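Accompanying notes for the structure given below.
The values are calculated or read from the model by the stated rules, or taken from the named source; none is laboratory data. This structure is a prediction, so every number in the text was calculated from the model and none was measured. Neighbour counts run over all protein chains shown; Cβ positions are idealised from the backbone, glycine included. Keep in mind that these areas ignore ligands, DNA and RNA; they rest on the heavy atoms of the full protein, side chains included. Shrake-Rupley method; radii C 1.70, N 1.55, O 1.52, S 1.80 Å.
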Amino acid sequence: MSVRINPSILAADFVNMQRDLARIGTADFVHVDVMDNHFVPNLTFGPQMVERIQAVAGIPLDVHLMIDDPERWAPGYAELGAASVTFHAEASSDPVALARHLRSLGARAGVALKPASDAGAIADAIDEFDQVLVMTVEPGFGGQSFMPQTMPKLRALREAADARGLDVWLQVDGGIDEKTIVTAAEAGADTFVAGSSVFGAPDPAARIEELRAVAAGHRHTPGY
Ligand code: DX5
Ligand code: ZN
């Protein structure tokens with residue numbers, strides 16, 4: 001099981017995006033937070049901006065859609081070339097059908113769960129997804145504190161994936177730093193989004209490598 005570190009450009013300088021993307025060359029994916037001011041009370045950008053990020057990043061995109069009606073909008077992000085497209089289960093009328101559609105367009109299909117959302121239906125259909133994102137803060141803003149009460153859900157998803165022998169990636173997003181990444185890695189995460197802890201570092205590329213090394217040193221062991 002490899003470990004991936006995906007910096008969130010929500011913590012980048014939006015008017016110096018290309019400069020900030022050049023500072024995270026050690027990242028596995030660029031995590032791109034799309035917010036619509038309806039599903040979450042914040043607004044970022046849409047496909048036009050994401051397409052430009054894709055063109056200049058040099059690293060595959062991990063798009064996190066915090067939007068209503070993902071059935072309508074998510075396929076466009078796969079079509080513009082995002083490697084991974086994650087939509088929220090709470091916003092989707094049929095997560096399995098949408099995941100199949102995204103896969104048919106060549107993207108990795110991800111589904112996200114807010115902190116209070118149950119993993120049951122997603123765990124039951126886990127083979128339909130390439131990635132499950134366990135939100136470790138309420139979606140909408142960077143710089144919030146990690147919520148450890150989300151870890152039992154992560155452990156349940158790890159058990160579901162391992163029981164079926166699946167290589168589904170389990171991602172955490174929100175409040176991830178060199179301390180909380182230990183908790184999340186031990187609970188079964190293998191893909192880590194970090195915004196403030198990467199872009200707030202004097203050397204973001206080096207911080208990514210530090211986070212990856214910490215996570216790799218605290219891998220989940222079955223039964224934890
Ligand atoms: C929150 C976003 C996160 C956010 C993480 O809604 O989905 O990706 O940027 O930021 P930090 O790492 O600062 O909590
Ligand atoms: Zn995110």
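Values as computed for the structure displayed
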| quantity | calculated |
| --- | --- |
| Lone unmet requirement of (1) within 15 Å of ligand 1 (Cβ to nearest atom); (2) within 14 Å of the chain's Cα centre (by Cα); (3) surrounded by fewer than 21 Cβ atoms within 10 Å (Cβ to Cβ) for VAL3 | (1) |
| Breaking point among (1) more than 20 Å from ASP36 (Cα to Cα); (2) open to solvent by less than 60 Å² (accessible area, probe 1.4 Å); (3) within 16 Å of ligand 2 (Cβ to nearest atom); (4) out of contact with any helix residue (DSSP H, G or I) (no Cβ under 8 Å at 6 or more places or on another chain), for GLY140 | (1) |
| Checklist (1) out of contact with any Phe, Trp or Tyr (no Cβ under 8 Å at 6 or more places or on another chain); (2) within 16 Å of ligand 1 (Cβ to nearest atom) applied to HIS101, failing item | (2) |
| Selection from region 212-224 of residues that are of a type in the set (Val, Ile, Thr) and either open to solvent by less than 40 Å² (accessible area, probe 1.4 Å) or at pLDDT below 95 (or both) | THR221 |
| Single match in GLU159, GLU209, GLU178, GLU186 (criterion: within 12 Å of PRO7 (Cα to Cα) and open to solvent by 30 Å² or more (accessible area, probe 1.4 Å)) | GLU209 |
| Selected residue (only one of ALA123, ALA89, ALA109 is closer than 13 Å to LEU65 by Cα, open to solvent by 10 Å² or more (accessible area, probe 1.4 Å) and of a type outside the set (Ser, Thr, Tyr)) | ALA89 |
| Output for region 62-79, where each listed residue is within 12 Å of ligand 2 (Cβ to nearest atom) and either open to solvent by 60 Å² or more (accessible area, probe 1.4 Å) or farther than 12 Å from GLU90 by Cβ (or both) | ASP62, VAL63, HIS64 |
| Residue, nearest to ligand 2 (Cβ to nearest atom), within region 1-43, restricted to residues that are in contact with a helix residue (DSSP H, G or I) (Cβ under 6 Å, 6 or more places away or on another chain) and part of a helix (DSSP H, G or I) | ALA11 |
